[in-house]
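Data first, discussion second: the structure below is written as structure tokens.
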Amino acid sequence: MYFEVDTFEAKDLALLGRANISAAGRTFETRTVFYLPTRAEDWARIRGYAGGMAGGPEEISDYWDARASNFLYVFSRQQNMLAICGYFDSGYIGQFIDPTGQTFNLPARNNVQERVFKEFVDRDGPLIRSWYPLLPSLIDHYDLYKNLSVARLIEQQATAPGEGLRILEIGAGGCLLPLLLRRVAGVQRYDVIDLPFVLPMGFAMMRAFAPDVPIALPNEAVGDAWLRFQSSDDYSIEDGVYDAAVNVTSFGEMSQAQVEGYFGLLEQALRPAGVFACINRTDKSTAFADYPWSKVGTEFVVDSEDPVSGYHHDRMQIMRRVVRRG
Ligand SMILES: C[S@@+](CC[C@H](N)C(=O)[O-])C[C@H]1O[C@@H](n2cnc3c(N)ncnc32)[C@H](O)[C@@H]1O
């Protein structure tokens with residue numbers, strides 16, 4: 001749902017942060033609100049996309065069906081601020097972060113995590129710290145770790161025969177990975193497929209933190225777009241041209257049929273010797289071991305527990321695998 005107001009006043013903010021909101025015949029649980037600075041022209045693009053959207057995805061997993069009912073975008077015209085509700089509903093988000101001091105207070109659980117964390121802070125800290133005061137609820141150490149981890153895998157494993165890498169990401173959410181990869185690797189073009197009501201969030205994140213990057217929403221023709229968003233209910237992807245494809249903690253939230261469908265897409269989209277990098281839980285709605293890996297290839301160039309494994313509030317086990325297209 002997409003709404004706009006003149007200004008967010010203190011009482012509106014309190015409401016968004018604490019209570020349910022009823023609008024257009026629906027009740028939204030808005031406790032998980034976060035705010036992004038958003039220009040009026042970018043909000044107009046989101047409205048343009050949302051207005052032309054079809055009724056919703058043909059097929060949505062039970063997990064995301066439950067979340068869809070909580071998704072709400074509210075734009076403040078005077079403050080140029082977009083409130084996005086519904087992405088996260090877990091209390092652990094941001095609990096270890098002190099946004100005023102911009103420090104991370106979570107002790108590393110083992111040496112690997114300590115090393116990854118240090119590398120991350122040294123290398124990407126300045127970029128990430130500039131996001132933090134605005135985003136304590138959206139981006140936490142865990143999301144940063146896992147996306148940094150997959151950014152490194154792509155840097156190490158993907159090679160571009162020509163001008164630069166072409167990447168396809170399924171389920172990019174808040175677009176942390178394209179934000180990181182645009183700094184750390186020679187990516188020429190980035191395509192994102194995500195749920196239609198989540199795409200505007202990734203778009204708003206990119207516009208807020210990488211305003212120089214040309215982007216196309218699904219309804220837009222932007223000739224020089226570096227990042228193209230496509231909706232999971234209606235995408236068209238070129239065959240055999242992608243050097244790398246990615247899925248980070250997203251297949252685990254789909255149905256097995258959706259995962260199988262995306263493996264079919266990967267089989268078509270990756271060029272020979274292209275890589276698919278995947279970081280997901282061993283078990284959630286679907287099981288990592290049951291993904292149809294052989295559709296992409298049988299050469300696993302990386303196959304191990306991810307450094308973020310066990311780092312989540314529920315200590316879940318997270319696997320990482322990079323498979324090379326046969
Ligand atoms: C837990 S979030 C992870 C987001 C991002 N990869 C990250 O690590 O920050 C799961 C993502 O999968 C997306 N997703 C769920 N079902 C999907 C589907 N059928 N097609 C594409 N994306 C989907 C969600 O919209 C969301 O962006």
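No value in this document is a laboratory result; all are computed from the given coordinates. Not measured: the values here are computed from a predicted model. Neighbour counts are summed over all protein chains in view; Cβ atoms, including those assigned to glycine, are modelled from backbone coordinates with ideal geometry.
The value for segment 142-324 of Rg(Cα) / (2.2 N^0.38 Å) is 0.95.
Which whole number of Å³ per residue matches the convex hull of the alpha-carbon atoms in segment 272-326?
68
A DSSP coil position with no more than 16 other Cβ atoms inside 10 Å describes the following trypsin sites (Lys or Arg not before Pro) in segment 220-326: LYS284, ARG315.
Note on segment 142-324: antiparallel DSSP beta bridges, both residues inside, total approximately 40 percent of the bridges counted. For segment 142-324, a simple Cβ point-charge model (Lys and Arg +1, Asp and Glu -1, everything else neutral) yields a dipole of about 440 debye relative to the Cα centre.
Over all other residues within a Cβ to Cβ distance under 13 Å of VAL323, the charged ones net out to +2, with Lys and Arg as +1 and Asp and Glu as -1. Applying the criteria of a DSSP loop state and at most 14 other Cβ atoms within 10 Å to the GluC sites (Glu not before Pro) of segment 157-225 yields GLU163, GLU220.
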